[in-house]
Structure formats: C-alpha cells, structure tokens
1. Condition first: surrounded by fewer than 16 Cβ atoms within 10 Å (Cβ to Cβ), modelled with pLDDT of 90 or more and assigned to a loop (DSSP other than H, G, I, E, B). Can you find one or more residues in segment 451-465 that meet it?
2. Mind listing just one residue for me: the one in segment 401-430 that is in contact with a Lys or Arg (Cβ under 7 Å, 6 or more places away or on another chain) and open to solvent by 30 Å² or more (accessible area, probe 1.4 Å) and, of those, nearest to Pro504 (Cα to Cα)?
3. Scanning segment 351-397 for residues that are under 34 Å from the mean Cα position of the chain (by Cα) and hydroxyl-bearing (Ser, Thr, Tyr), which turns out farthest from Gly328 (Cα to Cα)?
4. Condition check: over 30 Å from Asn460 (Cα atoms), surrounded by 18 or more Cβ atoms within 10 Å (Cβ to Cβ) and of a type in the set (Lys, Arg). Does Arg387 satisfy that?
5. Does segment 302-323 hold any residues that are farther than 19 Å from Cys386 by Cβ and assigned to a strand (DSSP E or B), and which are they?
6. Please give the strands (runs of 3 or more DSSP E) falling wholly within segment 191-249 in which 1 or more residues are crowded, with 20+ Cβ neighbours inside 10 Å, in contact with a Leu (Cβ under 8 Å, 6 or more places away or on another chain) and acidic (Asp, Glu).
7. Could you grab me the full set of residues in segment 41-88 that are touching a residue at least 40 places away in the same chain (Cβ under 8 Å), surrounded by 12 or more Cβ atoms within 10 Å (Cβ to Cβ) and part of a loop (DSSP other than H, G, I, E, B)?
8. Are there any pairs, at least 6 apart or on different chains, whose C-beta atoms fall under 7 Å, with the first in segment 293-314 and without any contact (Cβ under 8 Å) to a residue 60 or more places away in the chain and the second open to solvent by 60 Å² or more (accessible area, probe 1.4 Å), and if so, which?
Amino acid sequence: MNLFLVFSVYVLCVILVAGKPDPPKDVKINAIWKNANISWKISKNKWETTLIVLVDSEGNKVLFNYPYNHKYVRFPRTSYEIVNLTLCAEYVVTVEYRYNTNQWSDKTTQHFWMTNKTFTADINQNVTLSWTTSLTEFFNVHPPFNSTIIYNVHIGGTIILNYKGGKYIFEDNPKDVKAINITVIHVNKIDAGLYSAKDDSTGNVNGCCLLIVATKPIKPTLTIQPKHPFVGDNITFTCYSMAQRWPGNIPSHLLYQFVGKRKGDSNSNRLIMNNLTKLDKGTIISCQATDDLGKVSNMSNSVTLDPFYGPENVVVEPAIGNINVTEGTALGPIHCNASCYPECKYIWKQKMTGQFKPVTNEFISNNNRSVHVPTITRNQAGTYRCRVDHPVANGRTKRKDISVNVQSPPTKPTITLRPINPFVGDNISLTCKSTAQRWPGNIPAHLSYQFIGNKRGESNNNRLIMNNLTKLDKGTNITCQATDDLGEVSNMSKTVILDPYYGPENVVV
C-alpha cells in the first residue's frame, strides 16, 4: 500500500490534428485541500497565451475565474492555481496555447480528483483506506459505485452494515466514527475510484479518499521499421505497452528497456540501430516496460534481425564487353550471377528498334540466369541486358550489358577492269570490291583483298595495277577474294581473262 499526501496527475489524453505543433506536455495537477495548482510544459520557444478550461464530472464548465469559465495565462508563465474547488469532486482540465494570432495548438485534457488521500493497491491485495469526515451521525460510507453503501451511521454513531459478502472489513463500534478505516479484501479493478462519506439528508460528500488499483503493464508489442530492413539501413525498434491502472483515467509513466545483443541508442520507447550490416543477422531484440510504481511487464515477443541485401556483385560470363558470333552458329550460353537475400530475380532483355524487350523464353534457362540461342540470325544481334531485381523491394535493381555482334563472310567480290578493252602497251588496273556482313549495322569492319592468277604487277589493298600490257598477257586469268578482320573469307569473284587488242602494226606497202 502506498499513501500519497499530494496527488500529482500527468498527461492523460492528447487530441492531435495534423499540421499543428505539439500540445502542452507533462501536465500536472497538485491538489491541496480546495486548491489545484496546474502546471504544464510547452515545446515551442515562444507562444502568446495559454488557455485553461475546467469541466466538472457532469460536463459543465466551472466558473473558476469569475465571471469566466476559462483563464488566459500570458507567456512565459506555465502554471496557474485554481482555488476554492469542491472537495472530493472530479474535474477535467483542458490546456492549449496560442502561438500565432488565431492559431492554436492541439489540446491536452486531464482528469483529477480534489483529495489529498490517495492509496494504491495491487490486484488481489488487501488494502486499508482511511480518511476523515466532520459528520457524526446520519451519513453513509460509499464505495466508487455509488448505488452501494458499505455501512450507515445512525443516531448516536451506531454503525449498521449494509454490504454483504465480506468485501469490506471495518470496526462496527469505533471510538470515533469521523475517522473512517475500511479494509478492502482482494482488490479488483472495479474497486478502484473514490470512497466517500455522504450526508443522508443532503447527499453531499463530506470526506473521501481515492483508491488506485494497479497491476503490471501489459505485455509490450515490439515493432521494427522498416519492416524488412536492408544492409546499410537505419532501423528503429518501437516498444509499446500500457500501464494497467484504475480508474482508467489515472495517468502513468512507463520506462522501457531493450534486451539483446544490440548496438545503437535507445530513447524512451525507441531503439535506433544505424548502418545495419550482414553481421547483424540473427541478433535477437526484445523489450520490457516498467511503470512508475516499479511494476515490470512480461517480456515482449522477440524480433530476430535478418537483413536483406542485394543485388550486388553482378557478373556476366563470359566477362567481356563484346561477343562476336557467326550467323547460323550458337550464341552462348551467357550466364548472369549476382548476390541477393532473398534470392535475386533475373530478366534477360534484348535491345530491338531502340527499346529493350524480353528475350524469348525458349532461349532462357537456369532460372532466368542464362541465355542461349542455338542458331543466331542477324536480327538477333545487338545489346543483351541482364537485369537483376531484388525479389521483395521494388526499385532495387542492377544491370549488366553485353554487346553481341553477328557476322557472315564478306559478300562475293566484284572485279572490274580498266580500261574495259585494253591494248598492248596499256597500263591496266583491276579493282576488287566486297562488303563485310556484320550486325548491328553500325559495327565497323576492315577488309583485305587478295588477287589470284598468273599475274604480274603490284596490288594496293583492293587494286592491282599491271603496266605495259603485252601480247604474252593474253589468256591471263585473274580473280579476287576478300577477308575481314575476323578472318572470315568471302567466296571467289568472277574471273577476268585478259585479251589485249593490238594493231595496226607491221604495215607493208
């Protein structure tokens, strides 16, 4: 049993409206005799005025600042004393403040009773309540539920028991009926509230005490934010419990303790861990709440850290930026690998007509990790992209591109002779022309040429020059062939057969 001579009350109810500053905090009421000293705290550095409104248990505003039922308290004061309140009455005070012209904070409301006799008991505990009254006869002693009477005091101070069932123990022939002593057996939450002595004739309360019934806070709930953290994230654990104290509007203050192999700092009911690492996997965190009466809750359910990560270390094999493949042969397989937890998702795409489109499923294998085209064609050339996605978090994506160049041997060359009909003694040139076949079409290529046949003269890349043609050059067969820089060789060109003209010569008269 705890006895408090001065009853202090803390914040009970906060009505929040988005966009406004925090309401007044740490509201306390110290009730001494008929006066109630109200104090509060405001988070803003400067405000204009604080408005106090007092309501009785019937919901009627109290004229405590006659003729007004409210009080404006100017900055910087944060307390006000309301005098001459009714003893043993229940009140609700509302506190708010104005921080700009016609702009008000949210409200904080607070219940309190005008009594300096307060007792606290655990559930199932026996507790003795004591208070005094000025009445000597013709009064009733009531528990919190006013329809019941514990006992009556009749003429001459005779006590008559009214409550049956052994719930209350008291002297039936006390020396002084004005000194009330009652023991409540096996306290339950319905026993909490105001015990009072009431005049039979008027019904007015004359003396009272308040019984607060308490038990340990409820089992906390422990939440983590973000719900699925990643390596590198800053995470916040929030532990939430509620004090179990009756009457239900009695305030309490909870302290929280986080249990487990943890790092980071805790503040009130929050634990913040910065820069999560893979080494934090398996860390178990739980929490517990302790109220201002020293009662400790059960341990919360535990949260086991299992941070996600990835995609990281994306690798495409073969590990080259460009792949050259001959049309009609096989491409790949090309493999894509990365690290994720849970396992990565893979998508292969090919850039076609300026856009990336998924590669046909028939070419995809190994859980979408590999692409293999058995017989590649020129329109399958271009950029192939492996996109790696995290399976849970949208937007966590990495890419790796590889260029696929498809090629065929150079086209069959054309060979031309200049002049078309050479004469003996002319200088002639033969030109060989071919085209590399490589896709995408913007892939550069270099061709080298070879002239074949019973030839003479000098060749320069794709030109062969023969000087001073003779009759002996008649019947010379010349062809050509092209080879690209990948070693692909074209078919042979058509054959040019030299048949030089001559004459007139050796004219005889």
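The values are calculated or read from the model by the stated rules, or taken from the named source; none is laboratory data. Just so you know, these numbers come straight off a predicted model, no measurement behind them. Note: ideal-geometry Cβ built from the backbone for every residue, glycine included; neighbour counts use all protein chains shown. Areas reflect the complete protein model, heavy atoms only, side chains present, ligands, DNA and RNA absent. Shrake-Rupley method; radii C 1.70, N 1.55, O 1.52, S 1.80 Å.
1. No: zero hits.
2. Taking the candidates together, the pick is Val424.
3. Thr397
4. Taking the combined requirement at face value, the residue satisfies it.
5. Val303, Thr304, Phe308 - these are the residues of segment 302-323 that are farther than 19 Å from Cys386 by Cβ and assigned to a strand (DSSP E or B).
6. No strands (runs of 3 or more DSSP E) qualify here.
7. Passing the criteria: Ile42, Trp47, Glu48, Leu85, Thr86, Leu87, Cys88.
8. Short answer, once both residue conditions are applied: Thr304/Ile284; Asp306/Lys281.
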